[in-house]
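The values are calculated or read from the model by the stated rules, or taken from the named source; none is laboratory data. From a predicted model like this one, the values you see are computed outputs, not experimental measurements. Here Cβ is always computed from backbone atoms with ideal geometry, including for glycine, and neighbour counts include all displayed protein chains. Ligands, DNA and RNA are stripped out before the accessible areas are found, and what is left, the full protein with its side chains, is counted by its heavy atoms. Shrake-Rupley method; radii C 1.70, N 1.55, O 1.52, S 1.80 Å.
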Number of protein chains: 2
Amino acid sequence: MSVTLFDKILDRSQIISGKDLETRYHHIWHMDQPLNAMCLLMPASTQEVSSIMKICFKNDLPVVVHGGLTNLVGSTETTGNEVVISTERLNKIEEIDSSSRTMTVQSGVILEHVHDAAASVDLLFPLNFGARGSAQIGGVISTNAGGLRVLKYGMTRQLILGIEAVTADGTIISSMKKIIKDNSAYDIKQLFIGSEGTLGIVTKAILKLEEAPSSRNAAYIGFNHYDNVVSFLKYIDAHLAGKLSGFELIWRNSYEQMTSVSHAVRPPLPYDYNYYVLIEALGSHPQNDHAEFQILLEKALEKEQILDAVMAQSPSDVEWFFRIREDVNNLVDFMKHDQHFDISLPIPLIGDYIGDRYESLAQIEGVEQIYAFGHVADGNIHFMIGKTHLGLDLKKEIDHCIYDGLKEIGGSVSAEHGIGTHKKDYLNLCRTPEEIILMKSLKSSMDPKGLLNPGKIF
Amino acid sequence: MSVTLFDKILDRSQIISGKDLETRYHHIWHMDQPLNAMCLLMPASTQEVSSIMKICFKNDLPVVVHGGLTNLVGSTETTGNEVVISTERLNKIEEIDSSSRTMTVQSGVILEHVHDAAASVDLLFPLNFGARGSAQIGGVISTNAGGLRVLKYGMTRQLILGIEAVTADGTIISSMKKIIKDNSAYDIKQLFIGSEGTLGIVTKAILKLEEAPSSRNAAYIGFNHYDNVVSFLKYIDAHLAGKLSGFELIWRNSYEQMTSVSHAVRPPLPYDYNYYVLIEALGSHPQNDHAEFQILLEKALEKEQILDAVMAQSPSDVEWFFRIREDVNNLVDFMKHDQHFDISLPIPLIGDYIGDRYESLAQIEGVEQIYAFGHVADGNIHFMIGKTHLGLDLKKEIDHCIYDGLKEIGGSVSAEHGIGTHKKDYLNLCRTPEEIILMKSLKSSMDPKGLLNPGKIF
Ligand SMILES: Cc1cc2nc3c(=O)[nH]c(=O)nc-3n(C[C@H](O)[C@H](O)[C@H](O)COP(=O)(O)OP(=O)(O)OC[C@H]3O[C@@H](n4cnc5c(N)ncnc54)[C@H](O)[C@@H]3O)c2cc1C
Ligand SMILES: Cc1cc2nc3c(=O)[nH]c(=O)nc-3n(C[C@H](O)[C@H](O)[C@H](O)COP(=O)(O)OP(=O)(O)OC[C@H]3O[C@@H](n4cnc5c(N)ncnc54)[C@H](O)[C@@H]3O)c2cc1C
């Protein structure tokens with residue numbers, strides 16, 4: 001099969017093949033590994049993507065889409081015979097409609113550019129996470145990304161009004177409406193959201209924007225008992241009435257490590273507690289919101305629901321507080337090798353489940369560091385585990401230690417990051433055989449030749 | 001085919017056939033029309049539903065599910081040869097977990113019972129609409145119902161964490177997790193939500209509950225220009241920071257009619273304005289929220305964004321304000337025959353689009369009353385049209401008048417109610433041919449014999 005197949009569609013400069021592929025890679029963390037592929041194509045329109053897919057369909061060529069290449073589950077890996085479609089030239093913001101509170105974008109637009117464009121008209125695209133400078137809207141949609149403000153605004157699924165996508169045979173499915181409610185038959189955009197490029201290629205989207213908040217408050221809070229974390233979550237959520245936007249739990253040893261690396265991340269609270277919670281509230285009354293927040297914390301202190309609390313007194317304090325939680329490098333930099341997790345489970349069970357994992361992990365030879373923290377209000381906990389070597393047996397032992405108990409308690413091996421290639425072996429721990437059969441039949445109904453991102457998820 | 005097929009699964013008292021079917025009906029508004037069906041079955045467990053479907057699959061028997069029978073699009077109609085599965089005995093609330101803020105229910109539980117059960121633990125299931133005393137969770141899920149508080153809490157799709165459903169061949173698909181985030185492969189519950197019983201039978205669900213608000217404020221506001229309605233929506237939404245829960249627009253003539261029937265619905269504002277908006281805010285500070293709301297309205301009055309405003313001063317005022325908007329009978333009772341609509345379109349275009357429809361409808365012979373009102377913040381407007389007779393030509397002329405312009409502006413023929421049988425002819429006005437082909441291929445992949453709710457949607 002020859003790359004000249006695509007000459008009619010794209011200019012030669014938009015087709016990368018042969019030795020030139022060495023300048024490309026499959027993940028931002030592996031820029032030193034040259035891309036293994038038949039060729040890489042850079043279409044700039046939905047029509048071009050459709051034409052490419054028609055050729056691939058006719059010639060049985062497998063296709064992998066490359067967005068920002070920031071996924072954490074190996075879902076942009078290639079084996080060598082695939083056509084890679086990079087969305088980097090699908091990078092136009094087509095419209096911002098501030099009355100409809102929508103933004104229409106091509107799928108290669110970088111998340112941070114969406115943030116900036118929304119902010120320029122006093123609006124907010126609330127989806128936010130560490131990789132915002134590289135991750136693209138198409139990748140975000142295909143992974144149903146979450147991040148720091150799911151509690152208030154939802155995951156990507158809740159922030160997308162319209163999608164245009166190209167299916168395996170090159171058909172353009174255009175569901176581009178600016179409307180919030182549409183019950184005219186099946187909501188097919190849901191199929192593309194979170195399907196990791198296995199059901200279609202997203203080329204455009206209409207994003208739902210929110211009014212930008214004008215106040216931001218944050219606090220660190222100390223607890224010794226997990227039950228109090230849960231009851232405090234209920235209390236503060238009820239009393240902030242829609243303003244609570246973040247509720248992040250950090251286990252004591254993680255907090256100690258996160259706050260001991262430099263002055264920039266010095267500890268807001270002393271090392272006296274078993275659990276530290278970082279909460280954030282987004283409001284519209286810069287004058288009152290701080291005082292309201294403080295009164296709520298004082299009441300919780302009085303009734304001993306919380307043991308200690310410190311509020312950010314300035315925007316730079318807020319940044320300091322978040323830097324502690326967000327800069328995962330402060331954990332990873334001290335590890336020889338790391339392995340990370342992204343599980344979810346029912347909120348009331350988190351304290352015991354994670355506590356037990358700490359104990360079992362500590363028994364595993366080769367495990368050097370264990371850090372847990374996460375979006376506890378979403379039931380989503382991350383583990384970062386440092387280990388002495390990259391051996392497969394050790395990796396699997398750690399995987400099983402974290403994952404095996406999830407089935408029984410109705411958890412998931414992936415809250416946010418997806419399955420990709422890394423978690424394929426564990427999918428059956430959190431989905432039933434019947435669910436997986438149904439998923440596979442959807443896949444073969446939409447992609448009968450199995451051309452879209454082959455080998456991922458299943 | 002004989003009803004004895006089902007004798008092994010259900011007690012005879014749970015199988016209704018022959019003359020006994022005359023006591024049953026297909027819609028709460030047509031209790032006088034006896035049900036046309038092969039039989040009606042009343043299973044009480046997922047297992048029984050599965051066994052029934054296995055028999056139906058083997059014997060090619062079409063199946064229609066009957067929930068609360070309150071849908072507004074003919075989607076529980078039968079032709080006579082169908083097996084009707086009534087969910088009335090699937091009526092157990094299995095668990096309320098106030099720490100996880102979830103409720104696990106069988107699909108036949110009535111929406112109002114869910115409200116009551118949530119309230120008993122100071123939680124809220126926010127989905128709410130006029131038919132709450134009859135509509136069931138299974139029906140609500142299968143229609144992706146909306147209602148009065150979508151703005152703050154979303155449609156049904158956003159309120160469902162887990163689903164158990166039975167597919168056409170009797171397979172039980174159980175996706176019952178209490179977790180908020182789950183990116184472990186495809187989110188197949190999305191398929192069942194809003195598919196009007198054509199892809200599977202929902203037997204259970206896990207509902208997401210919210211902390212109950214402790215303050216409720218409401219106001220009526222007068223406008224002469226639609227543009228100001230839109231800018232006021234942005235203003236009040238930004239300043240209420242998550243508390244705005246309702247923003248309902250009523251056209252002047254509808255307001256006049258809604259407020260002139262009795263003292264119970266007397267007008268809160270005089271008949272001086274072109275548009276009336278009812279807003280609702282749900283908060284957590286009974287003391288402060290009223291004053292905050294009032295200050296926001298005063299500022300809007302000062303800058304002449306709004307022309308007049310009156311706030312509810314007591315809970316009974318709030319009820320009075322909502323009674324005006326909710327009691328659609330005050331419009332319908334004075335019509336010989338009525339025809340109603342449930343369209344959605346981009347918010348900034350609503351003023352002109354509805355204004356034009358008022359003019360064109362007035363030209364149609366046989367149209368006697370025209371009332372528009374709706375969830376404007378969701379882009380969702382209802383029309384209630386009174387007419388002299390039930391003739392099909394008149395119905396179609398009115399349909400076309402309302403629907404035909406929607407395609408061009410990216411609207412939908414159904415914001416909330418679905419397609420059923422009533423809107424099949426208009427589906428292609430708001431979905432592309434490629435979308436409809438994809439939907440049909442999904443349908444035939446999941447229900448290859450076409451047994452589930454045949455003739456609905458397509
Ligand atoms: C530092 C860091 C922090 C992170 N934090 C979070 C977090 O808090 N929450 C979270 O959810 N994730 C997080 N992630 C994971 C990652 O950023 C997200 O999954 C992101 O959405 C991926 O976007 P991308 O453009 O990089 O996609 P890619 O990595 O390029 O692709 C991801 C998948 O989507 C497919 N794909 C990409 N574009 C398209 C398209 N247009 N059409 C169809 N398929 C497509 C790819 O084939 C692949 O399967 C983080 C990653 C990093 C590196
Ligand atoms: C006065 C009034 C006000 C209304 N207001 C609103 C409103 O504001 N917003 C709104 O969205 N709707 C509204 N509706 C419409 C209606 O109430 C909703 O569509 C409701 O969700 C239907 O629920 P039900 O149990 O009555 O379903 P049914 O009418 O019994 O069924 C609806 C559809 O779902 C299918 N179905 C039912 N149960 C199941 C199941 N367990 N599994 C699979 N399929 C199933 C049926 O086959 C049918 O296709 C209103 C209706 C009335 C009468």
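Taking only the C-alpha atoms of the protein assembly as shown, Rg followed by Dmax gives 27.8, 85 Å. Over the Cα atoms of segment B:93-211, the radius of gyration divided by the Kirkwood radius equals 0.94; this is the Rg/Rh ratio.
Set the Cα radius of gyration of segment B:215-326 against 2.2 N^0.38 Å, with N its number of residues, and you get 0.99.
Computed from phi, the 3J(HN,Hα) profile of segment B:48-62 under the Karplus parametrisation 6.51, -1.76, 1.60 (θ = phi - 60°) reads 5, 4, 4, 4, 4, 5, 4, 5, 4, 5, 4, 9, 6, 9, x Hz, with x in place of Gly and Pro. Each peptide in B:340-348, B:397-405 receives the mean, over its residues, of other Cβ atoms within 10 Å, and ordering these scores from highest gives B:340-348, B:397-405.
For segment A:3-89, the antiparallel share of DSSP beta bridges with both residues in that region comes to about 30%. Taking a ≥ b ≥ c as the square roots of the Cα gyration tensor eigenvalues, with a/c under 1.5 meaning rounded and otherwise prolate when a/b beats b/c, else oblate, which class fits segment B:114-155? Because a/c hits 1.5 or more and a/b fails to exceed b/c, segment B:114-155 counts as oblate. Sorted from shortest to longest, the distances between the A:THR388 label points of this copy and the other copies are 9.4 nm, with each point 7 Å from Cα along the line through the beta carbon.
Here chain B is assigned +1 on the Cβ of each Lys and Arg and -1 on the Cβ of each Asp and Glu. Its dipole about the Cα centre then comes out at about 1280 debye. Peptide A:404-412 has a mean shielding of 3, counted as Cβ atoms of other protein chains within 10 Å of each residue's Cβ. When +1 charges are put on Lys and Arg Cβ atoms and -1 charges on Asp and Glu Cβ atoms, the dipole computed for the protein assembly as shown relative to its Cα centre reaches about 1740 debye. Of the GluC sites (Glu not before Pro) found in segment B:304-360, those in coil by DSSP whose Cβ has at most 13 other Cβ atoms within 10 Å are B:GLU304. Summed over the residues of segment B:335-444 and divided among them, the accessible surface reaches 38 Å² per residue at a probe radius of 1.4 Å.
Heavy-atom accessible area for A:LEU124, with the other protein chains in place and a 1.4 Å probe, reaches approximately 30 Å². Taking every Cα-Cα distance in segment B:389-456 and sorting them into 10 Å bins starting at zero, the pair-distance distribution P(r) comes out as 17, 44, 28, 10, 0 percent. Accessible surface buried by the B/A pair amounts to about 6600 Å², both sides summed, 1.4 Å probe. Solvent exposure of segment A:3-89, expressed per residue, is 45 Å² of accessible area, with all protein chains present and a 1.4 angstrom probe. Quick one: Cα centre-to-centre distance for segment A:115-160 and segment B:190-249, in angstrom? Rounded to whole Å, the Cα centres lie 21 Å apart. Take each peptide in B:6-12, B:199-205, count the other Cβ atoms within 10 Å of every residue, and average; sorted highest first, the result is B:199-205, B:6-12. A Cβ-based charge dipole, computed about the Cα centre of segment B:1-157 with Lys and Arg at +1 and Asp and Glu at -1, lands at about 300 debye.
Over chain A, dividing the summed -39,500 (n - 2.57) contributions of all DSSP H runs of at least 4 residues by the number of residues returns a 222 nm mean residue ellipticity of -8500 deg cm²/dmol. Chain A's nearest residue to the axis relating it to B, judged by Cβ and reported with the distance in whole Å, is A:GLY242, 1.
Between helix A:433-446 and chain A there is an angle of about 40 degrees, using the helix long axis and the longest principal axis of the Cα atoms. Comment: the Cα-to-Cβ extended label point of B:GLY80, at 7 Å, lies 6.6 nm from its counterparts in the other copies, nearest first. Three semi-axes describe the equivalent ellipsoid of segment A:142-252; taken as square roots of 5 times the Cα gyration tensor eigenvalues and ordered largest first, they are 36, 16, 12 Å. For A:HIS285 and B:ALA119, the FRET efficiency from 1/(1 + (r/R0)^6), where r spans their Cβ atoms and R0 equals 41 Å, is about 0.90.
Would you please give the residues with an amide H less than 5 Å from that of A:ALA219, counting only those at least 5 places away or on a separate chain, with H modeled from the backbone geometry? Correct list: A:ILE279, A:ALA312. Going from the isolated chain to the complete set of protein chains, segment B:419-434 loses at least 40 Å² of heavy-atom accessible area (1.4 Å probe) at B:ARG431, B:GLU434. Please work out whether segment B:46-142 counts as rounded, prolate or oblate from its C-alpha gyration tensor, where a ≥ b ≥ c are the square roots of the eigenvalues and a/c under 1.5 means rounded, while otherwise a/b larger than b/c means prolate and anything else oblate? Verdict is oblate for segment B:46-142.
Just the protein heavy atoms count here, and of the accessible area of chain A at 1.4 Å, carbon and sulfur take up 49 percent.
Taking accessible area as the heavy-atom solvent-accessible surface of the protein chains with a 1.4 Å probe, which residues of segment A:337-383 lose no less than 30 Å² upon going from the isolated chain to the full protein assembly? Flagged in segment A:337-383: A:PRO346, A:ILE347, A:PRO348, A:ASP378. In the structure shown, the pairs B:LYS395/B:LYS456; A:LYS189/B:LYS443; A:LYS456/B:LYS189; B:LYS92/B:LYS443; B:LYS423/B:LYS443; B:LYS152/B:LYS181 are assessed against 24 Å; a Cα-Cα span above that value is assigned to B:LYS92/B:LYS443. Each residue of segment B:326-334 was assigned a 3J(HN,Hα) from its phi angle through the Karplus curve 6.51 cos²θ - 1.76 cosθ + 1.60 (θ = phi - 60°); the sequence is 8, 7, 5, 4, 5, 8, 6, 4, 9 Hz, with glycine and proline shown as x.
Computed extension length for A:ASP32-A:THR432: 140.1 nm, one decimal, from 0.36 nm per residue of separation with the Cα-Cα distance subtracted.
When the Cα convex hull of segment B:267-309 is projected onto planes of every orientation, the mean area is 3.5 nm².
For the pair A:SER444 and A:TYR358, label points projected 7 Å from Cα toward Cβ lie 4.7 nm apart. Dividing the radius of gyration of the alpha carbons in chain A by their Kirkwood radius gives 0.98 for Rg/Rh. Using a probe of 1.4 angstrom and keeping all protein chains present, the accessible surface of segment A:215-326 works out to 38 square angstrom per residue. Need one word for segment B:171-228: rounded, prolate or oblate. Basis is the Cα gyration tensor (sqrt eigenvalues a ≥ b ≥ c); a/c below 1.5 gives rounded, then a/b vs b/c decides. In terms of gyration-tensor shape, prolate.
Burial annotation for segment A:186-213: residues with an accessible-area loss of at least 50 Å² between the isolated chain and the complete set of protein chains, computed on heavy atoms with a 1.4 Å probe, are A:TYR186, A:ILE188, A:GLU211. Please report, to two decimal places, log10 I(q)/I(0) for segment B:3-89 at q = 0.15 Å⁻¹ as given by the Debye formula with identical point scatterers on the Cα atoms and no solvent. Those come out to -0.50, one per q. Put a dot 7 Å past the Cα of B:GLN158, heading toward its Cβ, do the same for B:LYS19, and the two dots end up 5.3 nm apart.
For the protein assembly as shown, the residue among A:LEU199, B:TRP320, A:SER445 whose Cα projects farthest onto the positive side of the dipole built from Cβ charges is A:SER445.
Starting from the Cα of B:LYS58, move 7 Å in the Cα-to-Cβ direction to define the label point; list residues of segment B:168-198 whose amide nitrogen is under 15 Å from there. Under 15 Å, as judged by backbone N against the label point of B:LYS58, lie B:169-171 of segment B:168-198.
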